[in-house]
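Here's the structure, in structure tokens; my notes come after.
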Amino acid sequence: MTFVFLGLFIVLLVLIVRSSLGQPRIFLKISIHILGGIVGLWLCDLLLSIFGLGIPINIFTISVVGLLGFPGVMALSVLQLLGI
């Protein structure tokens, strides 16, 4: 699973570089937003695992952070820290 998220991180970096080189289209902006949320979920889960906590990564959480982007990841992390 880590390799999948690592691959998505590399795709996200490529999309960001592509966006910075020219005029980004709406599809490119939406792709960066969705991938930013998913990769942010993975990074926050990785950081929380240092403290023995974790966000359950399933289809629901991936779809929520895909729609909300990185602020959704932060909200899920806070809820996890609060024990909700």
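Table: residues versus (1) of a type in the set (A, V, I, L, M); (2) closer than 29 Å to residue 17 by Cβ.
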{"site": "33", "(1), (2)": "no, yes"}
{"site": "43", "(1), (2)": "yes, yes"}
{"site": "50", "(1), (2)": "yes, no"}
{"site": "58", "(1), (2)": "no, no"}
{"site": "70", "(1), (2)": "no, yes"}
{"site": "75", "(1), (2)": "yes, yes"}
{"site": "79", "(1), (2)": "yes, no"}
{"site": "83", "(1), (2)": "no, no"}
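Return the residues of region 53-71 that are of a type in the set (Gly, Ala, Ser) and either closer than 18 Å to residue 2 by Cβ or touching a Leu at 6+ places or on another chain (Cβ under 8 Å) (or both); say none if nothing qualifies. The answer is 54, and nothing else. Checked against the criterion of being touching a helix residue (DSSP H, G or I) at 6+ places or on another chain (Cβ under 9 Å) and among the aromatic types (Phe, Trp, Tyr), region 69-83 contains one or more residues that satisfy it.
Rule-based calculations on the coordinates, nothing more; no lab input. Small disclaimer: the values here were computed from a predicted structure and weren't measured. Virtual Cβ from ideal backbone geometry, glycine too; neighbours counted across all protein chains shown.
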